[in-house]
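**Q** Supplied in structure tokens, the structure appears directly below.
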Amino acid sequence: MEIPYVSEPRQDTGLFNAKVGIWLFLASEVMLFGALFSSYILLRVGAEPGNWPHGLLNIPLGMTNTIVLIVSSITVVMAWASLKMNNFSAFKKYQAVTLLCALCFLGIKSVEYKDKFSHYEVQLKDGKVVDGHLIGPLADEFEIHGHYVDKAEAAKVTHAWQEREVKEEMIKVKLADVKYMESYGPWHNTYTAIYFTLTGLHALHVIGGALVIGFLWGPGAKMWKSDPERYTNRIEVSGLFWHFVDLVWIFLFPVLYLL
């Protein structure tokens with residue numbers, strides 16, 4: 001049995017089936033991310049003045065990822081337009097750039113994640129607090145590239161040293177002198193928890209979108225010879241999802257990195 005409206009639009013909606021489906025799916029995605037953004041806003045507004053982390057993220061890397069995704073949105077449109085103009089070779093080139101942008105975005109994000117998991121707050125038994133990046137494996141004696149933090153500042157979620165330039169140094173710490181130490185992973189505080197939740201979920205969407213685009217760019221491209229109109233529609237649908245992923249990051253960057 002032939003499935004209707006895979007290429008031609010329906011009379012009631014003016015859209016083909018896949019396009020109706022992707023808009024319904026994106027509506028559910030808006031509700032998902034909307035709930036998470038609302039939670040972040042409520043937590044941010046409800047925090048005590050001066051007790052919300054600021055300056056923990058690398059703004060240049062975040063800006064670079066923003067530019068990368070904007071470029072990928074342009075190449076997705078150019079790839080779809082190339083198919084509409086019956087230029088399959090140009091489509092392959094533009095979509096290859098899209099995939100490279102996706103890999104670049106994930107690579108930069110992995111660098112940011114690695115930085116957070118190697119960034120430690122170490123509370124010593126003598127009351128001192130060391131904040132910085134762990135150098136090498138954890139041993140009886142290890143090194144932290146960072147600085148000492150005032151005990152009063154360490155008690156707050158937002159440290160005063162984040163607002164000023166500090167001189168970092170190599171600090172040797174004996175494991176026997178450590179009272180408590182914890183990395184800046186999702187368990188560190190409310191801010192890092194929602195940071196990893198939002199950016200992690202977004203990264204999963206980037207991976208999912210890249211896999212679909214990669215399939216249509218590779219093995220799925222066989223449909224171009226048998227049913228070019230339907231293939232072009234599939235590229236358009238995958239592009240709509242990719243635009244949504246990019247749009248989510250446009251909101252994530254200022255909310256998490258700048259505010």
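**Q** Only one residue in Tyr231, Tyr191, Tyr180 is surrounded by 14 or more Cβ atoms within 10 Å (Cβ to Cβ), over 21 Å from Val20 (Cα atoms) and either touching a His at 6+ places or on another chain (Cβ under 8 Å) or modelled with pLDDT under 95 (or both), so which one is that?
**A** Tyr191
**Q** Something else now. Kindly establish whether Phe37 is assigned by TED's automatic domain parsing to the domain that holds Ile194, at pLDDT below 95 and under 23 Å from Leu258 (Cα atoms).
**A** yes
**Q** What tally of residues in the stretch 111-129 results from selecting those that are within 30 Å of Ala203 (Cβ to Cβ) and not small (Gly, Ala, Ser)?
**A** Keep residues of the stretch 111-129 that are within 30 Å of Ala203 (Cβ to Cβ), which gives 111-122.
Now drop any that are not not small (Gly, Ala, Ser), which leaves 111-117, 119-122.
Going through the stretch 111-129 one residue at a time, the tally reaches 11.
Each row is one residue, and each column tells you yes or no for (1) polar (S, T, N, Q); (2) farther than 30 Å from Lys172 by Cβ; (3) under 12 Å from the mean Cα position of the chain (by Cα).
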| residue | (1), (2), (3) |
| --- | --- |
| Leu83 | no, yes, no |
| Asn86 | yes, yes, no |
| Ser89 | yes, yes, no |
| Gln95 | yes, yes, no |
| Cys104 | no, yes, yes |
| Ile108 | no, yes, yes |
| Tyr113 | no, no, yes |
| Phe117 | no, no, no |
| Glu121 | no, no, no |
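**Q** Any residue that is free of Cβ contacts under 8 Å to residues at least 60 places away in the same chain, part of a helix (DSSP H, G or I) and within 27 Å of Val129 (Cβ to Cβ) - is there at least one of those in the stretch 177-184?
**A** First, the residues of the stretch 177-184 that are free of Cβ contacts under 8 Å to residues at least 60 places away in the same chain: 177-180.
Applying the additional criterion that residues be part of a helix (DSSP H, G or I) yields 177.
If we keep only those that are within 27 Å of Val129 (Cβ to Cβ) too, we end up with 177.
So far as the stretch 177-184 goes, yes, one or more of its residues are free of Cβ contacts under 8 Å to residues at least 60 places away in the same chain, part of a helix (DSSP H, G or I) and within 27 Å of Val129 (Cβ to Cβ).
**Q** Is there any pair linking a residue in the stretch 105-120 that is closer than 16 Å to Leu69 by Cβ to one that is aromatic (Phe, Trp, Tyr) and surrounded by 13 or more Cβ atoms within 10 Å (Cβ to Cβ), with Cβ under 9 Å and at least six apart or on different chains, and which?
**A** Phe105/Trp249
**Q** Would you check if Ser82 is over 17 Å from Phe251 (Cβ atoms) and touching a Lys or Arg at 6+ places or on another chain (Cβ under 9 Å)? I'd like the intermediate steps shown before the answer.
**A** Details: over 17 Å from Phe251 (Cβ atoms): yes; touching a Lys or Arg at 6+ places or on another chain (Cβ under 9 Å): yes.
For Ser82, the condition - over 17 Å from Phe251 (Cβ atoms) and touching a Lys or Arg at 6+ places or on another chain (Cβ under 9 Å) - is met.
The values are calculated or read from the model by the stated rules, or taken from the named source; none is laboratory data. A quick note: this is a predicted structure, and the numbers were derived from the prediction, not measured. Neighbour counts run over all protein chains shown; Cβ positions are idealised from the backbone, glycine included.
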